Amino acid sequence: MAFLTQSLSMARYTHDLTVAVPLSQFYEQVKEVLKACSFEVLYFKEDFVVAREMPGNIPFSRLVTVEIFVDSTRATQDVTHLNVVVKNEELPLQANNHCYQMYEKLNQAIADNKGWNLIKSTLENSLG
């Protein structure tokens, strides 16, 4: 008897960004953007931020986590490079799942933020 196993994994979406803002001001701006999108910061270091969607409106398993990696080695006086990863434990059975919706909401908030100018943006969708 043979068994077929399939590896299913969570939804994961990434966004590489370059923003015109000094690194010293970037952190306050990113905290405001996360808060506006209903994320609470769980962990904060100079080159890494982790935030999670605030519980209450959706099942716990669908809560979205945001990881922001700041490339401080490439940061200049006026420019900051970062990589944003948005993910959850939900299987991405639909293209427009909850994780993707939060990813889109966060991307729009990043683009609309008045505290910096978006210089470069590369979006990637990775289902599973």
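The values are calculated or read from the model by the stated rules, or taken from the named source; none is laboratory data. Everything quoted here is computed from the prediction, not taken from an experiment. Please note: Cβ atoms are built from the backbone with ideal geometry, for glycine as well, and neighbour counts cover all protein chains shown.
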In this structure, does V64 turn out to be in contact with a His (Cβ under 9 Å, 6 or more places away or on another chain), modelled with pLDDT of 85 or more and under 23 Å from Q101 (Cα atoms)?
yes
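Between L17, L23, which is under 12 Å from the mean Cα position of the chain (by Cα) and either closer than 16 Å to W116 by Cα or at pLDDT 90 or above (or both)?
L17
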Restricting the range 56-70 to residues that are out of contact with any Lys or Arg (no Cβ under 8 Å at 6 or more places or on another chain) and surrounded by 14 or more Cβ atoms within 10 Å (Cβ to Cβ), which is farthest from A20 (Cα to Cα)?
I58
Can you name the residue in the range 72-128 that is of a type in the set (D, E) and within 15 Å of T14 (Cα to Cα) and is also farthest from the chain's Cα centre (by Cα) among such residues?
E124
Considering each residue of the range 67-110, count those that are of a type outside the set (S, T, N, Q), without any contact (Cβ under 8 Å) to a residue 24 or more places away in the chain and assigned to a helix (DSSP H, G or I), and give that number.
1
For the range 26-51 the number of residues that are among the β-branched types (V, I, T), buried (at least 20 other Cβ atoms within 10 Å of the Cβ) and more than 11 Å from N113 (Cα to Cα) is 1
